[in-house]
Amino acid sequence: MSKRALGVLGVVLCVWLVLPIAAIVHDYPPINLPTEPSRSCVAVVLGAKTHGHEMSNALRARVDEAIALYQSGQVQHLIFTGGFRDKDPLREPSESSLARAYALRQGVPNHAIQIEEVSIDTYSNIEQAKHIIEREGFVEVLLVSDRWHLARAQTIAQDLGLMVIPVPVRHSVFQSYRSKIDFVLREWLKIWAYRLGWRRGTG
């Protein structure tokens, strides 16, 4: 193979490898829901690690976003995901149960909340949420997480046959340049891990 051909191949390979970053960092448009809210509209909140009996700031920001969607009437139901990742289920609450308790304290009624306590990563978050969505007959599905997490999450949802509207957290805890760069690089690695067949265990 000539040097020119190798050069072209190298450029194509670099673009192919880096292309997911464009999907990770792009801006999401404002959500555009029907003017008349439907009782079949639900927000799915992706889990995040918790510390004992306390939510992490990252999870709290996601739950706050979902609560705002509910209180504004844009959704009528919330699904909190997340089980006992790195936790003792006999001594510590699941991610989703902590999220539900917090939402209840903020005035969201219990009948509007569903949780699952099986999932341990993004793939199983969405997989378990899909079971609830199909069981309850929800039609419009909003997917709530940090902006840089949504590209991979939306891809997983589509692969599972679930059409979603991505909703990035407006008040993310990841504000410093270093934390943003770290998040984007982690997601870039996880996207490639997912594409190469690692469906679970990638966060």
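General remarks:
- Residues that are in contact with a helix residue (DSSP H, G or I) (Cβ under 8 Å, 6 or more places away or on another chain) and open to solvent by 40 Å² or more (accessible area, probe 1.4 Å) were ranked within the range 175-203; the one that is nearest to R62 (Cα to Cα) is K180.
- The sole residue among S124, S145 that is crowded, with 20+ Cβ neighbours inside 10 Å and farther than 26 Å from Q175 by Cβ is S124.
- Residue under evaluation I165, criteria (1) over 18 Å from G47 (Cβ atoms); (2) more than 16 Å from the chain's Cα centre (by Cα); (3) open to solvent by less than 60 Å² (accessible area, probe 1.4 Å), criterion not met: (2)
- Residue count for the range 69-98, restricted to those that are in a helix (DSSP H, G or I) and either touching a Gly at 6+ places or on another chain (Cβ under 7 Å) or free of Cβ contacts under 8 Å to residues at least 12 places away in the same chain (or both): 2.
- The set of residues in the range 108-121 that are in a loop (DSSP other than H, G, I, E, B), without any contact (Cβ under 8 Å) to a residue 40 or more places away in the chain and either open to solvent by less than 70 Å² (accessible area, probe 1.4 Å) or among the aromatic types (F, W, Y) (or both) comprises P109, E116.
- Matching residues in the range 115-168 - criterion: being in contact with a strand residue (DSSP E or B) (Cβ under 8 Å, 6 or more places away or on another chain) and among the charged types (D, E, K, R): E116, E136, E140, D146, R147
The values are calculated or read from the model by the stated rules, or taken from the named source; none is laboratory data. Owing to the predicted nature of the structure, the values given are computational and were not obtained by experimental measurement. Please note: Cβ atoms are built from the backbone with ideal geometry, for glycine as well, and neighbour counts cover all protein chains shown. These area figures cover heavy atoms from the full protein model, side chains too; ligands, DNA and RNA do not enter into them. Shrake-Rupley method; radii C 1.70, N 1.55, O 1.52, S 1.80 Å.
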